[in-house]
1. Being open to solvent by less than 30 Å² (accessible area, probe 1.4 Å), small (Gly, Ala, Ser) and touching a residue at least 12 places away in the same chain (Cβ under 8 Å) narrows it down to one residue among B:43, B:65; which is it?
2. Looking at residue B:110 and the list (1) crowded, with 24+ Cβ neighbours inside 10 Å; (2) in a strand (DSSP E or B), which single condition is not satisfied?
3. Scan the stretch B:438-465 residue by residue and report those that are in a helix (DSSP H, G or I) and not small (Gly, Ala, Ser).
4. Among the residues of the stretch B:68-98, how many are in contact with a Pro (Cβ under 9 Å, 6 or more places away or on another chain) and free of Cβ contacts under 8 Å to residues at least 60 places away in the same chain?
5. Return the residue satisfying two criteria in turn: it lies in the stretch A:298-329 and is in a helix (DSSP H, G or I) and free of Cβ contacts under 8 Å to residues at least 60 places away in the same chain, and of such residues it is surrounded by the fewest Cβ atoms within 10 Å (Cβ to Cβ).
6. Could you check, for the stretch B:230-242, whether at least one of its residues is open to solvent by 10 Å² or more (accessible area, probe 1.4 Å), over 21 Å from residue B:112 (Cα atoms) and at pLDDT below 95?
7. Any residue in the stretch A:93-103 that is surrounded by 21 or more Cβ atoms within 10 Å (Cβ to Cβ) and under 28 Å from the mean Cα position of the chain (by Cα)?
8. Of the residues that make up the stretch A:79-87, is at least one closer than 23 Å to residue A:251 by Cα, open to solvent by 40 Å² or more (accessible area, probe 1.4 Å), in a helix (DSSP H, G or I) and modelled with pLDDT of 95 or more?
2 protein chains.
Amino acid sequence: MTDVLQARSPGSDSRRRTRGAPREGEIRRPDYRNLVNPFLPQGIFSDAQISDMHHTSLRVLEELGILVLLPEARELFRRGGALVDEGTQMVRLGRDIVAEALAACPREILARGGSTARDVSLRLGALNFTPGAGAPNVTDIERGRRPGTLADLEDLIRLAQTFDVIHMQGPHVEPQDIEHRFRHYAVNRAQLTLSDKVPFIYARGTPQVLDGFEMVRLARGLTQEQFRAGVHCYTVINTNSPRQLDIPMAQGIIDFARWGQVSIITPFCLAGAMAPITVAGALTLQHAEALAGITLAQLAQRGAPVVYGSFSSNVDMKSGAPAFGTPEHVKATLGAGQLARFLGLPWRAGGGSAANTSDAQAASETQFGLWAAVLAGSTVLIHSAGWLEGGLCDSFEKFVTDVETLQTIAELCVQTPGDADAIGFDAIAEVPPGGHFFAAQHTMARYRTAFYAPLVADWSNFGAWSDAGSRTATQRARDVWKKKVASFEPPSGSAAIGEVLDSFIADRRAHGGAAPES
Amino acid sequence: MTDVLQARSPGSDSRRRTRGAPREGEIRRPDYRNLVNPFLPQGIFSDAQISDMHHTSLRVLEELGILVLLPEARELFRRGGALVDEGTQMVRLGRDIVAEALAACPREILARGGSTARDVSLRLGALNFTPGAGAPNVTDIERGRRPGTLADLEDLIRLAQTFDVIHMQGPHVEPQDIEHRFRHYAVNRAQLTLSDKVPFIYARGTPQVLDGFEMVRLARGLTQEQFRAGVHCYTVINTNSPRQLDIPMAQGIIDFARWGQVSIITPFCLAGAMAPITVAGALTLQHAEALAGITLAQLAQRGAPVVYGSFSSNVDMKSGAPAFGTPEHVKATLGAGQLARFLGLPWRAGGGSAANTSDAQAASETQFGLWAAVLAGSTVLIHSAGWLEGGLCDSFEKFVTDVETLQTIAELCVQTPGDADAIGFDAIAEVPPGGHFFAAQHTMARYRTAFYAPLVADWSNFGAWSDAGSRTATQRARDVWKKKVASFEPPSGSAAIGEVLDSFIADRRAHGGAAPES
């Protein structure tokens, strides 16, 4: 007999007994906050190879240099001792300057939410998840795919607030129904009134960044000194691979550093396209660009909180289309973890899928990216829920099915009892051969809280599942997110925060808002 | 800017250039055979806890015992020194007897296929995959869910033969259109004529088992001595948890041991149902039952090839329905790996999903089971492709999407170049800031074979995907399996093998065949 036939014999009589819903106060409430990664970090390169990649990156910065489009950034590099050619805007960076910058980077960053329960520790060994970010489009199975709106963004922020396994907020989708010069007010207001998790602020030029800082300061009720003294928001900086740092990105690094807020400095190196086709080559370019950004941050403000960023994957060499959750993406993530540990810095990985709908491919690619980040020991995984089309679309249903996978990983972070009581010799003795444990003391004492209770997975048999409408996980996920959004309650104090922010926004709008810079 | 918007800026102009199909002889052909697990084994229990679980299992066998329904097995245990109560059929097994049996187990087993290229090494550190096994039902998106037939079994055997990442054959689905006493002839003939991979033989009583051994011997052209001298087929033995060994299972252990063929001895311990509700308790019961089966094999034939088996998961405590790919399944698999390494024996894990259709839940649960097996260091993962409904149904489309995930894992077993040429300083120097690597020397020399080429994943953009019919991975998987089946060519010599087997089968049928025993 094989497993399955066997599985159906002895237990089957007792298999379908109903135990009723758990009583009040007996529902399982695991703590998915402040996760510590339980897995040994896995590498794919030898220590010598990682050292070679690091030193080759230093050669790239020293001999080839990086194109820096922002004059203020070039000036900071020049004052820091770099060789700057104002004609070509190329900056060549000595390894001593990089070494000094790396020595100044904090190894642990405490990012503060609206309550201490929402504070997040960014350090090696911690495991944090943030939602899919910045998708121009949004989709759900009722309304279909469409350009993102503020209403969509607000609902996704509500979902991200609802699930503890999502540790920081993000700019889920681009609210294209809001005029550019006012959009950042809406994005920030939504995060600060609907959520008390660490907010994301776009680096789209100093005026928008300072507006964002002021909104966070007002929402958190801080003085300017208190705001500067702690980390209250974060941004993601992407270099323009290869070897280029554009104006808003360089400005963002400088502004966030000066105000003591976190920059996650992430080259986006697609092997074969904007980076060498080899995993080692893509990582070496990524590493050089990340080091340049980190150095700029430290030159702007020594000790500035920065997170080493990796989001290297490959493209389809026939079409040039980016791919995620591929073997090359997994390998690049594992190698990036080795480089981050070589530096000793907290770091971010990137997940998601290139699939166009929330299907088996989407689930499979997303989980490969997730496991890569977990096994690489990444401090924070960005785009961990909802991302389709390589980030061009955010799916409400996929957000829910992805949260289920994140919660499964979070459960693995919980210590598994292995003491005599858990081993349960007496329980084994209590049940006769061929019997079952449903009614055993050992079971009765634990069954209400023993196991993870799925969010969207359906374990009913085929008949029951068919009678209930043969619905896929994606169809069931729709019910989950709609219910969560309908029953959503904003964090306490959000009404007052809204009033404070609205008067600030009214004043800024009266002065014309702030257009994004590029 | 976030990753995604950034991703669309510099590369986008060069993103869609077509490079044409690879020339003949330049197609990537990775070797997915003889995989070596590249990951560090991960544990969830301390060494002391694993030792406690092992010794508690010995106490279970010594003090509580196991119900053994087969008189011949009880006699073997008795002669081996166990305390046997013929009235209750209970066997109590001293730890010295178990220790002696464990010392006699081979640490490495070479299972021979129809050609040396199909031989499989069963040892700690090796990574092998077998397809979903024993499902009573089968499904595909055209014909829907139905009882399995011989035609379905043959097509699934063709698929399993086609993909190198499937290392051994299996009894995918139960051919319910064949009469019980003749069914094993059809199952074995299909495996031996359509495939040269190591076949699976059901343990459904000595007559069927000996028929199976004879068919393998004839197909491989071996003398009886040659057959006995090597491993040429395998079976899966499931104990009837808790603490029970039924007649066909005990007989199978004895027959396979005496003929030198492999038994994979697998208690199927569903925590909360047929096993204690704790992971540690379920594993302790599993371990005790596996040790009893392994001991029986060694008492039947010292040195018999056996594989330690684990397939412990949990049930839904509200309905009693079994679940797979859950946190508890992952934890039990990681713990089982620790117990197997404690014994030093090759071992099998189990994958699959409880989902009723090939959707995001199915893909997610299956990949969690896969990663659990890989990180637990399992020697062979059974049910690695096609399994739905916790094993009550096998899906043609899921077989293909699961093969994609297995191939992704297999790619991670391939060493990643990290030498100076791979790091590629010259390539980085060749491309100016903001440029792209599509035309770089470093890229041109590698692009045809650099990356994994997906089997079913679609990375085209939303417009192209929509124009092509907005098909899900499962819909595309249908085309893949149909094409593979249509273009299938049996291994060389299969016609002659068919003739030899047919005359054997005709003779056995004339004598009434062999009914399964229970």
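1. On inspection, the qualifying residue turns out to be B:65.
2. So residue B:110 meets the others, but not (1).
3. B:441, B:442, B:443, B:444, B:462, B:465
4. 3
5. A:327
6. Taking every residue of the stretch B:230-242 in turn, at least one turns out to be open to solvent by 10 Å² or more (accessible area, probe 1.4 Å), over 21 Å from residue B:112 (Cα atoms) and at pLDDT below 95.
7. The answer is yes, given that some residue of the stretch A:93-103 is surrounded by 21 or more Cβ atoms within 10 Å (Cβ to Cβ) and under 28 Å from the mean Cα position of the chain (by Cα).
8. Within the stretch A:79-87, one or more residues are closer than 23 Å to residue A:251 by Cα, open to solvent by 40 Å² or more (accessible area, probe 1.4 Å), in a helix (DSSP H, G or I) and modelled with pLDDT of 95 or more.
The values are calculated or read from the model by the stated rules, or taken from the named source; none is laboratory data. Just so we're clear, the structure is a prediction, and the values are computed from it rather than from any experiment. So basically every Cβ, Gly included, is an ideal-geometry build from the backbone, and we count neighbours across all protein chains shown. Keep in mind that these areas ignore ligands, DNA and RNA; they rest on the heavy atoms of the full protein, side chains included. Shrake-Rupley method; radii C 1.70, N 1.55, O 1.52, S 1.80 Å.
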